[in-house]
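The structure appears below as structure tokens.
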Amino acid sequence: MSDTLKLSQARKGARGVIVRVGDHRHHGQEHAAELERRLLELGFVEGARIELLHEGLFGRDPIALKVDDMRVALRRHEAASLTVRLDTAAI
Amino acid sequence: MDMHVRTARVALVGNPNSGKTALFNALTGAHQKVANYAGVTVERKEGHIRTADGRTMSVLDLPGTYSLRARSPDEEVTRDAVLGKLAGEPTPDVLVAVADATNLRLVLRLVLELKAVGRPMVLALNMYDIAQRQGLRIDLEKLRAELGVPIVTTVATRKRGIDELIAAIDAAAGGLSATAENAWVAPDAEALRGKALEAERIMKACVRPPERPDTLTGRIDSLLLHPVAGLVILLTLLFVMFQAVFTWATPLMDGIEGALGMLGAWVATVMPDGIWQSLIVDGLISGVGSVLVFLPQILILFLFIILLEDFGYMARAAFLMDRIMGGAGLHGRAFIPLLSSFACAIPGVMAARVIDSKRDRLTTIMVAPLMTCSARIPVYTLIIAAFIPNEQVWGFASLQGLVMFGLYAAGILSALVVSFVIRKVFWRGAVEPFMMELPAYKTPDFKSVLFNLWLRARIFLERAGRIILPLMIIVWALSTFPYPPEGATQPAIDYSFAGMMGHALEPIFAPIGFNWQMVIALIPGMAAREVAVAALGTVYAVADPESATSLLGATLAAQWSLATGLAFLAWYVFAPQCVATLGVVKRELNSWKWMWVMVVYMFGLAYLAAFVTYRVAVALGAG
Ligand SMILES: Nc1nc2c(ncn2[C@@H]2O[C@H](COP(=O)(O)OP(=O)(O)O)[C@@H](O)[C@H]2O)c(=O)[nH]1
């Protein structure tokens, strides 16, 4: 069974595919729209493969991700705007 | 064509970490000029290149970016420079897109976006050596056809492909690739998605995944980004860095001080006594010298920073520190500038340019002078030696060392509190997103490290020199004129403007336990903190205070109460006693207002801290 969740809730080792970029509940707000564009520019697009590689010490924040073949660091606050579908065969 | 008559203009655009700086250096060598764009604080780097047949072209290096879309007022400058909309900046004739060949996806999207600008473009596939080592196969012919731009492969650090790149730029500048009207509009989310899909398709068509992908970065990261081990390593690195800055630099600093002392003494023998001798010896040589002595420390600090940047560690340090500093409202990237400020706030303030968000950068600059710079050390050592007994506590720690540590901690702690307050008061809690690429690790290239070190030292000296020289002369004039009357009994400074100001300001400082001698010493001490030590020597008429620190210490211990000594230390933790820093802050923020905010808040804190320290100490019987 496939499982979608916000990337901000994922734990270290999680792998999957981005299914939605942008927090559509807040749509129309300039801030949310700007965040969506910045995420897209950094390679977070629908269909990109991601893997959560590392977590910070305090509050497991920020997180280091592999997005396709590059590495990106992100706060969980921003990761909340990304929805991912985790691999079913996740470890 | 008129292109051949005037100098062609080239602009470098590319993602961060693509080797854009290295390519710019390879293209222009030492012929580069770093300044600010008129009226704004964005750095403008320009250099010149020579074509094979001897003509010159000017190259503009633009800040690394993922998109032409401006996300901050500062980035509008980059965009407008590319589009030729910036007053006083002609439109570039050729755009050079710089790409990390091993990390093409994002830059392909940028290239697709840049095509809309309608200028001739050349794509430089940099780091081609790494791509080849990894066995990454890029179908250059196909990529050229897909993108419709000429492609040159380069290895910036080895200067490979540079001549070919220059030839390609030259061909594009004079060439047949027609210049079209600018059709660029800021892309919205849908346009970005479209371009990302297109880039992905081109990737699939032209690039075969590496046969020997980089697994080293991942393995190093498991250690360096480990929540606990990573922080321990970071702290160890910092410790080593501090040791290096303070111990390696000492002999060099002593050498510079000795040489300047000799120069001053020599000038004093060849020039007749009088105002010009005084201006040159006491104003220029000792003033400039007080900044120059920090050059060894700054060079060592820069060396560490450049090595860590080139290795790819700085982004990891920002990752590790983000949450810790984020609690105080600072961005993870503020880490580097604040670190530099322990040597001297001036390079720290200048290093804040790495922070792309304007607010975060401003907060960082505002708190950078609170970090204990090395100019405070002479003041701290003098007062601690005079007032704090040299004894052991808890069996292992020296009390003097603990006080020193406490002063450093007070600086760091207050910086965290102040940035928290700035965020709450001025930004009303707005949080800038933290997201950045973690570049693949690379072995730093020896030659380019040295080159960058030299460039940064040059920029530091130019900037600091331009600001410091005039200020030194003002401070010198204040402490020299007017001359003492005939038969004066007090030291000459007592009769000068500085002396008058000291006496006039004394009532204000009395509540915090400062006597008029101290207040007078504060005025030349504005030039640089450690000058206060020399000034105290002058007012207490101790000859040659530099070599006789113990004598001055004994005098102070006899004349001041313990409470006064402690209040003076507390004052120096906060006081913005360095006009050069204020000058650089004004320049970097391009704002008098923020410089004055800094002056007021720092003097306010200094007064408050000294007041509380003095009163508490008096109440405890140390008055
Ligand atoms: N092996 C290799 N390393 C490079 C090349 N170009 C740049 N570098 C290194 O890549 C790192 C980042 O380069 P830099 O010019 O600072 O990147 P920028 O952020 O785009 O300005 C540095 O360590 C450079 O020495 C290249 O062509 N080959």
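The values are calculated or read from the model by the stated rules, or taken from the named source; none is laboratory data. Here the structure is a predicted model, which is why all the values come from computation and not from measurement. Cβ: placed from backbone, ideal geometry, glycine included. Neighbour counts: every protein chain shown. The area values use the complete protein model at the heavy-atom level, side chains included, leaving out ligands, DNA and RNA. Shrake-Rupley method; radii C 1.70, N 1.55, O 1.52, S 1.80 Å.
Screening the candidates B:Leu110, B:Leu86 for the property of being open to solvent by less than 40 Å² (accessible area, probe 1.4 Å) and modelled with pLDDT of 90 or more yields one hit, B:Leu110. Comparison of B:Leu106, B:Leu110, B:Leu123 shows that the only residue that is aliphatic (A, V, I, L, M) and more than 14 Å from every other protein chain (Cβ to nearest Cβ) is B:Leu123.
Within the stretch B:199-209, which residues are surrounded by fewer than 15 Cβ atoms within 10 Å (Cβ to Cβ) and at the interface with another protein chain (Cβ under 10 Å from one of its Cβ atoms)?
Just the residues of the stretch B:199-209 that are surrounded by fewer than 15 Cβ atoms within 10 Å (Cβ to Cβ), to begin with: B:201, B:204-205, B:208-209.
Passing the criteria: only B:Pro209.
Does B:Leu320 qualify as being within 14 Å of another protein chain (Cβ to nearest Cβ) and either open to solvent by 30 Å² or more (accessible area, probe 1.4 Å) or in contact with a helix residue (DSSP H, G or I) (Cβ under 8 Å, 6 or more places away or on another chain) (or both)? Show your work before the answer.
Numbers: within 14 Å of another protein chain (Cβ to nearest Cβ): yes; either open to solvent by 30 Å² or more (accessible area, probe 1.4 Å) or in contact with a helix residue (DSSP H, G or I) (Cβ under 8 Å, 6 or more places away or on another chain) (or both): yes.
Spelling it out, B:Leu320 is indeed within 14 Å of another protein chain (Cβ to nearest Cβ) and either open to solvent by 30 Å² or more (accessible area, probe 1.4 Å) or in contact with a helix residue (DSSP H, G or I) (Cβ under 8 Å, 6 or more places away or on another chain) (or both).
Any idea which of (1) within 14 Å of another protein chain (Cβ to nearest Cβ); (2) away from the ligand (no atom under 16 Å from the Cβ); (3) within 15 Å of B:Lys20 (Cβ to Cβ) is the one B:Ala101 doesn't satisfy? Condition (2) is where B:Ala101 drops out.
What helices (runs of 4 or more DSSP H), lying completely within the stretch B:210-282, carry at least 3 residues that are within 14 Å of chain A (Cβ to nearest Cβ)? Full working, then the answer.
Working: elements: B:216-224, B:229-243, B:249-270, B:275-278.
In the stretch B:210-282, the matching helices (runs of 4 or more DSSP H) lie at B:216-224, B:229-243.
Report yes if some residue within the stretch B:480-487 is part of a loop (DSSP other than H, G, I, E, B) and at positive phi; otherwise report no. Yes, there is a match, as at least one residue in the stretch B:480-487 is part of a loop (DSSP other than H, G, I, E, B) and at positive phi.
Can you find a residue in the stretch B:417-426 that is within 14 Å of chain A (Cβ to nearest Cβ) and either touching a strand residue (DSSP E or B) at 6+ places or on another chain (Cβ under 8 Å) or in a loop (DSSP other than H, G, I, E, B) (or both)?
Within the stretch B:417-426, the first condition is being within 14 Å of chain A (Cβ to nearest Cβ), and the residues that meet it are none.
No: the stretch B:417-426 contains no residue that is within 14 Å of chain A (Cβ to nearest Cβ) and either touching a strand residue (DSSP E or B) at 6+ places or on another chain (Cβ under 8 Å) or in a loop (DSSP other than H, G, I, E, B) (or both).
Results for (1) out of contact with any Asp or Glu (no Cβ under 7 Å at 6 or more places or on another chain); (2) surrounded by fewer than 18 Cβ atoms within 10 Å (Cβ to Cβ); (3) over 17 Å from B:Arg193 (Cα atoms), shown as yes or no for each residue.
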| residue | (1), (2), (3) |
| --- | --- |
| B:Ser67 | no, no, no |
| B:Ala70 | no, yes, yes |
| B:Glu76 | yes, yes, yes |
| B:Pro90 | yes, yes, yes |
| B:Val98 | yes, no, yes |
| B:Leu104 | yes, no, no |
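Among residues of the stretch B:138-191 being assigned to a loop (DSSP other than H, G, I, E, B) and within 15 Å of the ligand (Cβ to nearest atom), the one that is farthest from the other protein chains (Cβ to nearest Cβ) is B:Lys159.
Highlighted here are the helices (runs of 4 or more DSSP H) found entirely within the stretch B:330-385 that include at least 1 residues which are open to solvent by 20 Å² or more (accessible area, probe 1.4 Å) and in contact with a Phe, Trp or Tyr (Cβ under 6 Å, 6 or more places away or on another chain): B:358-367.
Evaluation of B:Leu12 against the conditions (1) open to solvent by less than 30 Å² (accessible area, probe 1.4 Å); (2) within 15 Å of the ligand (Cβ to nearest atom); (3) modelled with pLDDT under 75 shows that the sole unmet condition is (3). Identify all residues within the stretch B:430-459 that are more than 12 Å from the ligand (Cβ to nearest atom), in a loop (DSSP other than H, G, I, E, B) and open to solvent by 30 Å² or more (accessible area, probe 1.4 Å); write none if there are none. Passing the criteria: B:Ala430, B:Val431, B:Glu432.
If the condition is being surrounded by 19 or more Cβ atoms within 10 Å (Cβ to Cβ) and either more than 8 Å from chain B (Cβ to nearest Cβ) or under 26 Å from B:Ala101 (Cα atoms) (or both), then the stretch A:49-65 contributes A:Ile50, A:Leu52, A:Leu53, A:His54, A:Ile63, A:Ala64, A:Leu65. For B:Gln517, the test of being assigned to a helix (DSSP H, G or I) and more than 27 Å from B:Pro347 (Cβ to Cβ) is passed.
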